[in-house]
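Chemist: One structure, as structure tokens, below. Some questions next.
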Amino acid sequence: MVESEPKRNPVLQRILTVVPLLPILIALLWWSVTTVAVLVLITSFICLGEVFSSMAERNLRPYAPLWYIFTGALVGAAFRAPHTVATYAPVIAIGTIVSLCIAVLRAEEEQPLYSWAFSLAAMIYIPFFLSHLILMRTIDTPLTSAPLSHLVSPGFAWIVFTLATTWLADTFAFFTGRRFGKTPLAPRLSPKKTWEGSIGGFFGAIATAIAVAALFGLPMTLTVTICLGALAGVLGPVGDLAESHIKRQLGIKDAGAILPGHGGMLDRIDSILFMVPVMYYIITALF
């Protein structure tokens, strides 16, 4: 009789994956705009690779080299002219035209336009949204006096606020859902998500926003802080569900397996993809 392997604890597996990576992530975000750009580039390449592999399983053939070049151009545009989003326009225009021309030349293949459209959507969804982290890192609005304000740059503080409120909301939702979850949130897209978990995540995001703003001295009133925390508590789950919808369209459960307990890289960053650009534009408009 063959003994079955012991069942792994999913919570412990998640923790063991995150703990060694977290200091590296913090160091790269803190060090400079350059290291943030490198982080965004590598993360985008990995996520796009996961999407393209999933597309291949559906007999879709994205012209991957072009999209990786396109990604590098998007990240480069954000890095070279970080104080304006106008530099994105020519990159997106030229990339769209060139990629569509290639799709036309590959007309004899199966569903070339579908492959092109899905790939272009992935470009906007991943590297374009994520590159706003580079823009956010350059924000120089002075911080107020606080326990950690003298140790960090304003841009880093805003990045921590954005990522912490979103990811910790996800963590609060996970544990609240495990303990109290009964009512499915979106059973067709993500059967394990519940309204109870989402409510726990919503209030967890607000609590995180208040704590981070106080620690780093972000120049916000309590009302604005609560509103931005609430925004993270809403956009995070929506971003997660959006990625679940993409995976359902591709017929896969996880985007990849690079992060044990989490799935693929895209599975880990899905909740921040909506929040990062929205937060950047709100910050630049208000502060």
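Chemist: Using bins 10 angstrom wide from zero, how does P(r) for segment 52-154 break down, in % of all Cα pairs?
Modeler: 14, 37, 23, 14, 8, 3, 0
Chemist: Within the chain, what's the longest run with no GluC sites (Glu not before Pro) in a DSSP loop and at most 10 other beta-carbon atoms within 10 Å? Give the range, please. Could you put the intermediate results ahead of the total?
Modeler: Values: sites that count: E3, E108, E110.
Answer - 111-287.
Chemist: What distance in nm separates the simple spin-label points at V38 and H150, each placed 7 Å from Cα in the Cβ direction?
Modeler: Distance between the two pseudo-spin positions: 3.0 nm.
Chemist: For segment 153-190 and segment 37-58, write down the distance between their C-alpha centroids in whole Å.
Modeler: 23
Chemist: Once you wrap a convex hull around the alpha carbon atoms of segment 164-246, what is its projected area averaged over all directions, in nm²?
Modeler: Convex hull of Cα atoms, orientation-averaged projection: 5.2 nm².
Chemist: Extension gain Q111-S53, at 0.36 nm per residue separation less the Cα-Cα distance, in nm? It would help to have the intermediate numbers written out before the result.
Modeler: Values: separation 58, 0.36 × 58 = 20.88 nm, distance 1.63 nm.
Length gained between Q111 and S53: 19.3 nm.
Chemist: Would you mind finding the longest exposed-site-free stretch of the chain, with exposed trypsin sites (Lys or Arg not before Pro) meaning DSSP loop and at most 16 other Cβ atoms within 10 Å?
Modeler: Longest gap between qualifying sites, sites excluded: 107-181.
Chemist: Moving on. Connecting C-alpha atoms closer than 10 Å in a GNM of the chain, tell me which of P112, P184, P23 has the biggest fluctuation.
Modeler: P23
Chemist: Once the convex hull of the alpha carbons of segment 84-207 is built, what does its volume come to per residue, in cubic angstrom?
Modeler: Numbers: hull volume 17.4 nm³, N = 124.
Here the figure is 140 Å³ per residue.
Chemist: When the chain is fully extended, how far beyond the present Cα-Cα distance does F175 get from C101, taking 0.36 nm per residue of separation? Don't skip to the end; give the middle numbers.
Modeler: Values: separation 74, 0.36 × 74 = 26.64 nm, distance 4.80 nm.
Full extension of this stretch gives 21.8 nm more.
Chemist: Ok, one more. If I model a spin label at L21 and V234 as a point 7 Å from the Cα along the Cα→Cβ vector, what separation in nanometres do I get?
Modeler: Computed distance between label sites L21 and V234 equals 2.9 nm.
Chemist: Take Q249 and C227, extend 7 Å from each Cα along the Cα→Cβ direction, and tell me the distance between the two endpoints in nm.
Modeler: Taking the two extended label points, one gets 3.2 nm.
Chemist: Can you compute the charge dipole magnitude of the chain about its Cα centre, using +1 on each Lys and Arg Cβ and -1 on each Asp and Glu Cβ, nothing else charged? Give it in debye, rounded to the nearest 20. Could the numbers behind the result be given before it?
Modeler: Values: 18 positive and 15 negative charges, 91 e Å.
I would put it at about 440 debye.
Chemist: Next up: Convex hull over the Cα atoms of the chain, averaged projected area in nm²? It would help to have the intermediate numbers written out before the result.
Modeler: Values: hull surface 70.0 nm².
For the Cα atoms of the chain, the hull's average projected area reads 17.5 nm².
Chemist: Now for a different question. Find, among the chymotrypsin sites (Phe, Trp or Tyr not before Pro) in segment 107-155, those assigned to loop by DSSP (not H, G, I, E, B) with at most 12 other beta-carbon atoms within 10 angstrom. Don't skip to the answer; put the middle values down first.
Modeler: Values: sites: Y114, W116, F118, Y125, F128, F129; in loops: none.
Counting only loop positions with at most 12 other Cβ atoms within 10 Å, none of the chymotrypsin sites (Phe, Trp or Tyr not before Pro) in segment 107-155 qualifies.
Chemist: Another question, if that's okay. I want to verify a result. In a Gaussian network model of the chain, Cα cutoff 10 Å, which of these has the top mean-square fluctuation: V91, V104, V19?
Modeler: V19
No lab work stands behind these numbers, since they all come straight from the coordinates. On a predicted model such as this, the values are computed, not experimentally measured, just so you know. With ideal geometry, Cβ positions are generated from the backbone for all residues, glycine too; neighbour counts draw on all protein chains shown.
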